[in-house]
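Asker: Let me begin by handing over the structure; questions about it come next.
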Amino acid sequence: MADLKHDDYPRSNKYDANWLLARDMGPNPLWMLEDLASELDLRPGMRVLDLGSGKGATAVFLAKEYGVQVWAADLWVDPTEAATNIDNPEIVTLKAEAHTLPFAREFFDAIVCVDAYEYFGTADNYLSYITSFLKPGGQFGVATPAMTQEVRALGHIPEHIKKMVGWEALAWHTADWWRFQWEITELVEVTAARLQENGWADWIKWSRAVSEYRGERDGALDMLEADNGQYLTFAILAARKH
């Protein structure tokens, strides 16, 4: 088993590598979430929406590490299946589509979205919708695949990225793009918008561990090896609702 201990993520180091690898649906969600949470003020008892919660690893991490109540919402993973991965009374699993969320307005103290926002959050009007579920002063945090340069500025999608994800790379924006996109609305105060310095290195380390765990080459490895840290990383974004 590959060594998944990481000096930058002491909280994540407490979780069994096999447990996490069995819930793989992309880049290491706990590393991204731990970095994102450093930009948030999560306190025991808060209501938190984990949007795009996958197989439940991030929901478990939020509840255990920060003592919050979590609503784990995902479109693709059955909530009964997700619940079998969780076994925590502070976590509610449900199936939900990101544009038709079944919650009361101003219900949550915080909303986090790890490795999912790129699928729906780039729409100009989405920030208004998602923050409607936050209390005034509520926190919003996103960790999402990013590029060091905008595709528009490059004039093309780099071939190794295009081969893997095609036009979907159009949603892998820079941190500056996201900052402008959120600030211009005046709906939130942006408190963090940065690219991870070690995002590519973390991603390829995880991808190699997934390959070893599954006994077959992870689909992202070709892209990551070809990139060699030139374009690919993650954006860490945080804001407070006005």
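Asker: For the chain, what is the accessible area per residue in Å², given a 1.4 Å probe and the full set of protein chains?
Answerer: Working: 11230 Å² over 242 residues.
Spelled out: the 1.4 Å probe surface of the chain, per residue, equals 46 Å².
Asker: Still on this structure, I have one more. Could you work out [θ]222 nm for the chain from helices alone, using -39500 (n - 2.57) per DSSP H run of at least four and dividing by all its residues? Round to the nearest 500 deg cm²/dmol. Could you put the intermediate results ahead of the total?
Answerer: Working: 10 runs with 79 residues, N = 242.
That calculation yields -8500 deg cm²/dmol at 222 nm.
Asker: So how exposed is VAL92, as accessible area in Å² (1.4 Å probe, rounded to 10)?
Answerer: Counting only protein heavy atoms, the figure is 70 Å².
Asker: When every alpha-carbon pair in the chain is counted, what percent end up more than 26 Å apart?
Answerer: Details: 10361 of 29161 pairs.
Cα-Cα pairs in the chain separated by more than 26 Å: 36 percent.
Asker: What's the percent breakdown of Cα-Cα distances in segment 95-162 across 10 Å bins, shortest bin first?
Answerer: 17, 44, 23, 15, 1
Asker: Same structure, new question: Write down the percent of antiparallel bridges among all DSSP beta bridges whose residues are both part of the chain, to the nearest 5. Each step should come with its number before you reach the end.
Answerer: Numbers: 16 of 35 bridges.
Percent antiparallel among DSSP bridges in the chain is about 45.
Asker: Please identify every one of the chymotrypsin sites (Phe, Trp or Tyr not before Pro) in segment 17-107 that sits in a loop by DSSP and has no more than 14 other beta carbons within 10 Å of its own beta carbon. Kindly include the intermediate steps, with their values, before the conclusion.
Answerer: On the way: sites: TRP19, TRP31, PHE61, TYR66, TRP71, TRP76, PHE103, PHE107; in loops: TRP76, PHE103, PHE107.
Sparse-neighbourhood loop chymotrypsin sites (Phe, Trp or Tyr not before Pro): TRP76.
Asker: Just the projected area, averaged over all directions, of the convex hull on the alpha carbon atoms of segment 8-64: how many nm²? Present the calculation step by step, with values, prior to reporting the outcome.
Answerer: Numbers: hull surface 16.1 nm².
Over every viewing direction, the Cα hull of segment 8-64 projects on average to 4.0 nm².
Asker: Among the lysines, which have Cα under 17 Å from the Cα of LYS95 when same-chain residues fewer than 8 positions away are ignored?
Answerer: The qualifying lysines are LYS55.
Asker: Taking Cα pairs under 8 Å and at least six residues apart, what relative contact order does the chain come out at, in percent? Don't jump to the answer; show the numbers that get you there.
Answerer: On the way: 450 pairs, mean separation 49.6, N = 242.
Once divided by the residue count of the chain, the mean separation gives 20 percent.
Asker: Now for a separate question. How would ASP7, ASP115 rank on accessible area, largest to smallest, probe 1.4 Å? Can you show the working numbers first?
Answerer: Numbers: ASP7 155, ASP115 35 Å².
Largest accessible area first, the residues go ASP7, ASP115.
Asker: Separate question: Quick check: residue separation of ASP78 and LEU221 times 0.36 nm, minus the Cα distance between them. What number comes out in nm? Could you put the intermediate results ahead of the total?
Answerer: Values: separation 143, 0.36 × 143 = 51.48 nm, distance 2.77 nm.
So the extension gain works out to 48.7 nm.
Asker: Provide, for q = 0.09, 0.19 Å⁻¹, the log10 of I(q)/I(0) from a solvent-free Debye sum over equal Cα point scatterers in segment 1-107.
Answerer: -0.22, -0.99
Asker: Accessible area of THR58, 1.4 Å probe, to the nearest 10 Å²?
Answerer: 10 Å²
Asker: For GLU150 and SER211, compute 0.36 nm times the residue count separating them, minus their Cα-Cα distance, and round to one decimal in nm. Can you show the working numbers first?
Answerer: Working: separation 61, 0.36 × 61 = 21.96 nm, distance 2.94 nm.
Contour length minus Cα-Cα distance gives 19.0 nm.
Asker: What translational D, rounded to a whole number of µm²/s, comes out for segment 163-242 from Stokes-Einstein when the hydrodynamic radius is the Kirkwood one over Cα pairs, at 25 °C and 0.890 mPa s? Display every interim value, and only then the final one.
Answerer: Numbers: Rh = 14.3 Å.
Answer from the Stokes-Einstein relation: 171 µm²/s.
Asker: Highest mean first, how do 205-214, 164-173 rank when packing is the count of other Cβ atoms within 10 Å averaged over residues? Please report the intermediate quantities before stating the final value.
Answerer: Working: 205-214: 18.5, 164-173: 16.9.
Order by mean packing, descending: 205-214, 164-173.
Asker: Another one. Roughly speaking, to the nearest percent, how much of the chain's 1.4 Å accessible area is carbon and sulfur? Mind dumping the intermediate values first?
Answerer: On the way: 5400 of 11230 Å².
Carbon with sulfur: 48 percent of the solvent-accessible area.
Asker: I would also like to ask the following. Using each residue's phi in segment 137-152, evaluate 6.51 cos²θ - 1.76 cosθ + 1.60 at θ = phi - 60° and report the 3J(HN,Hα) Karplus result to the nearest Hz, with x for Gly and Pro.
Answerer: Karplus-based 3J(HN,Hα) across segment 137-152 equals x, x, 9, 10, x, 9, 10, 9, x, 9, 10, 6, 9, 5, 4, 4 Hz.
Asker: What is the calculated FRET efficiency for GLU186 to GLU106, with r their C-beta to C-beta distance and R₀ = 22 Å, to the nearest 0.05? It would help to have the intermediate numbers written out before the result.
Answerer: On the way: r = 18 Å, r/R0 = 0.81.
So the FRET efficiency works out to roughly 0.75.
The values are calculated or read from the model by the stated rules, or taken from the named source; none is laboratory data. Just so it is clear, the structure is predicted and the values come from calculations on it, not from any experiment. Heads up, the Cβs are rebuilt from the backbone with ideal geometry, glycines too, and the neighbour counts pull from every protein chain shown. These accessible areas exclude ligands, DNA and RNA; they are computed on the full protein's heavy atoms, side chains included. Shrake-Rupley method; radii C 1.70, N 1.55, O 1.52, S 1.80 Å.
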